[in-house]
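The values are calculated or read from the model by the stated rules, or taken from the named source; none is laboratory data. None of these values were measured; they are calculated from a predicted model. Cβ sites come from the backbone with ideal geometry, for glycine too, and all protein chains shown count toward neighbours.
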């Protein structure tokens, strides 16, 4: 745990069933038109906008759809549209990809430099020259926590990598977390996004930059996910959706303030090279990374505070005070099996890709907060495991999740 830390969060968070229309009123308060960013599902987008037009007097918006995870070309197009229309604010309603797209557009519209100048890893990572447009985030999945972060993850197709545009100025002015919007998510999406949220609670908890604020969020968020993720997938109801929406928001605050680890270190190059949803990638990698970290700490730093953290994590996951670190990793592997999380091979990733993915993962900013420095051999073993062994049949006979 770091001796000094800071904690940053969105300017305001509105949480509750049916609160979505309040986002429209808040956006219009900044002026008109609003850039309204949604996913590329016309019927759903039209229904969302109809609700806003009905609830908000004088609703005026320019609609932008985002297909898949945002890339640099999508952001450039969105900035051009927003500038030409004179948009006063950006409202993004969707999953993490949509929110990241809206966040990046809001940041870049007032800033004149080429996008690459502001990007990490492949660019100069320059600070923004001017404050972003007011940005409002409304998640429709319970996973990415992007409504509570100060970065936007973008695909760079020419470099085959995903990198962040990051600034403390990019925290949303307002996050409206309405669990009702996730109620109709199909089970597979609920599972992958929920495992993403779990990853974003586990990695900050064992991070080298963990702090008391994020610890509190992680402990409560993990408890909520253990209680409700499987229920949200297989027998969704209002309490389960509320638990997952809250846990996802907690995960965004945790990662924004304490960093991540090797799971997200791998997710950046994998997402840049393959058409693999971010949540599904994290879900496949989480147990193998936990096992590798625990083994390395056990063998090389048995008195490490990080290893004690994995012991506490195991107790949170299993509900057993005497759980060992390895029990927590086993719990996550079994959970992934029951949720039918697919192995990375399902996205075309194979043995020939390992060395390049390991090389690029080492350069990812998320790796810096991993609780232990893993060797290339250990990183390669993680990928081999995630390519082949995260499959439903592995855990068909696993016991049900225990509540923490």
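Miscellaneous remarks
- Only strands (runs of 3 or more DSSP E) whose full extent lies in region 127-175 are considered here, and the ones with at least 1 residues that are touching a residue at least 60 places away in the same chain (Cβ under 8 Å) and surrounded by fewer than 22 Cβ atoms within 10 Å (Cβ to Cβ) are 151-156, 161-166.
- Filter pass, residue 116 being in contact with a helix residue (DSSP H, G or I) (Cβ under 9 Å, 6 or more places away or on another chain) and crowded, with 23+ Cβ neighbours inside 10 Å: no
- Members of region 325-343 found to be under 21 Å from the mean Cα position of the chain (by Cα) and more than 15 Å from residue 225 (Cβ to Cβ), listed by number: 329, 333, 337, 340, 342, 343
- If the condition is being at pLDDT below 95 and over 24 Å from the mean Cα position of the chain (by Cα), then region 101-116 contributes 112, 113, 114.
- Which numbered condition residue 103 fails, given (1) more than 24 Å from residue 44 (Cβ to Cβ); (2) touching a strand residue (DSSP E or B) at 6+ places or on another chain (Cβ under 8 Å): (1)
- Residues of region 222-239 satisfying the condition of being more than 17 Å from residue 338 (Cα to Cα) and part of a helix (DSSP H, G or I): 222, 223, 224, 238, 239
- Subset of region 93-126 [farther than 15 Å from residue 69 by Cβ and in a helix (DSSP H, G or I)]: 106, 107, 108, 115, 116, 117, 118
- Among (1) assigned to a helix (DSSP H, G or I); (2) out of contact with any strand residue (DSSP E or B) (no Cβ under 7 Å at 6 or more places or on another chain); (3) more than 22 Å from residue 334 (Cβ to Cβ) - the single one residue 208 does not satisfy: (1)
- Condition met for residue 41 (in contact with a helix residue (DSSP H, G or I) (Cβ under 9 Å, 6 or more places away or on another chain), outside the structural domain of residue 280 (by TED's automatic domain parsing) and either closer than 26 Å to residue 22 by Cα or free of Cβ contacts under 8 Å to residues at least 60 places away in the same chain (or both)): no
- Qualifying positions in region 25-42 - part of a loop (DSSP other than H, G, I, E, B) and closer than 16 Å to residue 58 by Cβ: 29, 30, 31, 32, 33
- Criterion violated by residue 278 - all others in (1) surrounded by fewer than 24 Cβ atoms within 10 Å (Cβ to Cβ); (2) modelled with pLDDT under 95; (3) under 18 Å from the mean Cα position of the chain (by Cα) satisfied: (1)
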